[in-house]
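Working notes for the structure below.
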Amino acid sequence: MAKTSTSKDVRATLKLRRLGIDTYRENVVYLHRECELYRAEGFQALTKVKVCADDKHILAVLNVVDDDSIVTPSDLGLSEEAFVSFGLKEGRLVSIEHAEPPASMDAVRRKIAGERLNQQDFRHIINDITDRLYSKMEIAAFLVGSGQTDMDRDEVFYLTRAMMESGERLDWNEALVADKHCIGGIPGNRTSMLVVPMVAAHGMLFPKTSSRAITSPAGTADTMEVLANVELNIKKLHDIVRKHRACLAWGGTAELSPADDIMIAVERPLGIDSLGQMVASILSKKLSAGSTHLLIDIPVGPTAKVRQMRQAQRLRKLFEFVGDQLDIHLEVVITDGRQPVGYGIGPVLESRDVMRVLQNAPDAPDDLRQKSLRLAGRVIEFDPDVRGGNGFAIARDILDSGRALAMMNKIIQAQGAQTKTFELGKLRHEVASPANGVVVDINNEHMAQIARFAGAPMDKGAGVDLFKKLGDEVKKGEVLYCVYAEFPSDFNFARALCEQSTGYTIGTQEQIPRAFVEF
């Protein structure tokens, strides 16, 4: 908690009240409209304010209320985030005053106007965001400004370095610390949960820290949470990796690139995910986690995040440039992004697919298995003792022998096996094929949206279970997929979206789009 410069003669007149309102990573305070300070100080709703008590202060966004049952004129209500951040007990007397805008907002305004920012500009912005000096609206202005005007490759490097420097950085004291990341946009693509145990079983260090979903129905952390605790502090994460050579954890609680987590909280509801910010987000997290060797997966397809080969090549060059500047060995592979990977979309369904592959079950999705083996093989080839081209065979032997499953079970137990049982949503809706033919297209965006409307990833049992994939023959009336939801409102939204479009196109074999794949 920062020390406040407020003088001792400021009169503390309001009683602190905990309201238990979740404002998700933003400090919010509540003041009654009839409060004397509200009138005297000229506060307005959504004003940024500074709340002080003794030698502590927090910055927060002000909401004004008229209901005495929420706060009385003598109270100052705090959201859950603000109350935890402040760290004081209810009933304490506090003062409130206008907060000064962060000085770095000048750089944000210059970026919105189309100017190029330097390293110092990005450091000031990221440090102020990390110190919670920005409101969500101000963060959104920075994200939209830097996304719309596009950052050049030097600016992406400056932003990445500033984000990396804003938090903890792990040092494993090893020459080879492996990692792998997919840029996203493909539902069900849970390859990390298979690559990590395979590579760790080979003996390589693989401290995998993942994000929660931003615009998708599930991130790796959301899906792994079905099986184990993912919120690990730095010490526990370090101990697990030292003992088992790997982990599958959420990066947020480890304070690795904390500005990234704050910005993601704004990106998620806005659906913002510009390429420059994405590169900075990924690389700052990986470098903070101590990675020395990184494999980047860029899926390309008609409804993927990257839809054309030239866009993938441009993104590859940006990753390689920033990686070079930050001294990380980085390789990029371009993979098939024409359809979802695996059968399940949503945390419970995706974790089911992962475990079936690890268990070598006959009903395991083969596309998830094959892609994971190829990615694991490329990571294993980072090992200087492995000859190029031999990685796939090594990974396949590790998976087929059960060593990958044994390693995954060790990781789950070390992180803390999930004690809560997550079931599939009790409401289900089957979507049938409108015609005879062959599946020639599955719209990634539409299927992801159906799963999100159904409640994923917040409701882990919500999602979509696919029964048909590209190239499969179908008959009219045959079930293409099933939607699961827990709550009627979510279920109705998802079903209405299915009625607008199934997300599938039925045609002939000749209409299936060509795959762009590099391994």
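The values are calculated or read from the model by the stated rules, or taken from the named source; none is laboratory data. The shown structure was predicted, so the numbers you read here are calculated from the model rather than taken from an experiment. Don't worry about glycine lacking a Cβ; one is built from the backbone with ideal geometry, like all the others, and counts go over all protein chains shown.
Scanning segment 121-146 for residues that are of a type in the set (D, E, K, R) and free of Cβ contacts under 8 Å to residues at least 60 places away in the same chain, we see that the one that is surrounded by the fewest Cβ atoms within 10 Å (Cβ to Cβ) is Arg123. Only one of the numbered conditions (1) of a type in the set (A, V, I, L, M, F, W, C); (2) touching a strand residue (DSSP E or B) at 6+ places or on another chain (Cβ under 8 Å); (3) closer than 24 Å to Glu255 by Cβ; (4) surrounded by fewer than 16 Cβ atoms within 10 Å (Cβ to Cβ) is violated by Leu93, and that is (3). Scanning segment 318-332 for residues that are touching a strand residue (DSSP E or B) at 6+ places or on another chain (Cβ under 9 Å) and either assigned to a loop (DSSP other than H, G, I, E, B) or surrounded by fewer than 20 Cβ atoms within 10 Å (Cβ to Cβ) (or both) yields a total of 5. Would you mind stating whether Arg403 is among the basic types (Lys, Arg), modelled with pLDDT of 95 or more and crowded, with 19+ Cβ neighbours inside 10 Å? When the stated conditions are applied, Arg403 does not pass them. Counting just the residues of segment 162-205 that are over 30 Å from Gly342 (Cβ atoms) and acidic (Asp, Glu), which one comes out farthest from the chain's Cα centre (by Cα)? Ranking the qualifying residues of segment 162-205, first place goes to Glu174. If you check Val379, Val431 for being in contact with a Ser or Thr (Cβ under 8 Å, 6 or more places away or on another chain) and in contact (Cβ under 8 Å) with a residue 12 or more places away in the chain, only one passes: Val431.
A residue that is closer than 13 Å to Ala213 by Cα and either in a loop (DSSP other than H, G, I, E, B) or in contact with an Asp or Glu (Cβ under 9 Å, 6 or more places away or on another chain) (or both) cannot be found anywhere in segment 226-246. The residue of segment 301-331 that is farthest from Gly377 (Cα to Cα), among those that are β-branched (Val, Ile, Thr) and in contact (Cβ under 8 Å) with a residue 60 or more places away in the chain, is Thr303. Do we have any residue at all in segment 205-224 that's in the same structural domain as Asn390 (by TED's automatic domain parsing), surrounded by fewer than 24 Cβ atoms within 10 Å (Cβ to Cβ) and either among the aromatic types (Phe, Trp, Tyr) or farther than 27 Å from Leu349 by Cβ (or both)? So far as segment 205-224 goes, yes, one or more of its residues are in the same structural domain as Asn390 (by TED's automatic domain parsing), surrounded by fewer than 24 Cβ atoms within 10 Å (Cβ to Cβ) and either among the aromatic types (Phe, Trp, Tyr) or farther than 27 Å from Leu349 by Cβ (or both).
Being out of contact with any Leu (no Cβ under 8 Å at 6 or more places or on another chain) and hydroxyl-bearing (Ser, Thr, Tyr), is that true of even one residue in segment 418-430? Looking through segment 418-430, at least one residue is out of contact with any Leu (no Cβ under 8 Å at 6 or more places or on another chain) and hydroxyl-bearing (Ser, Thr, Tyr).
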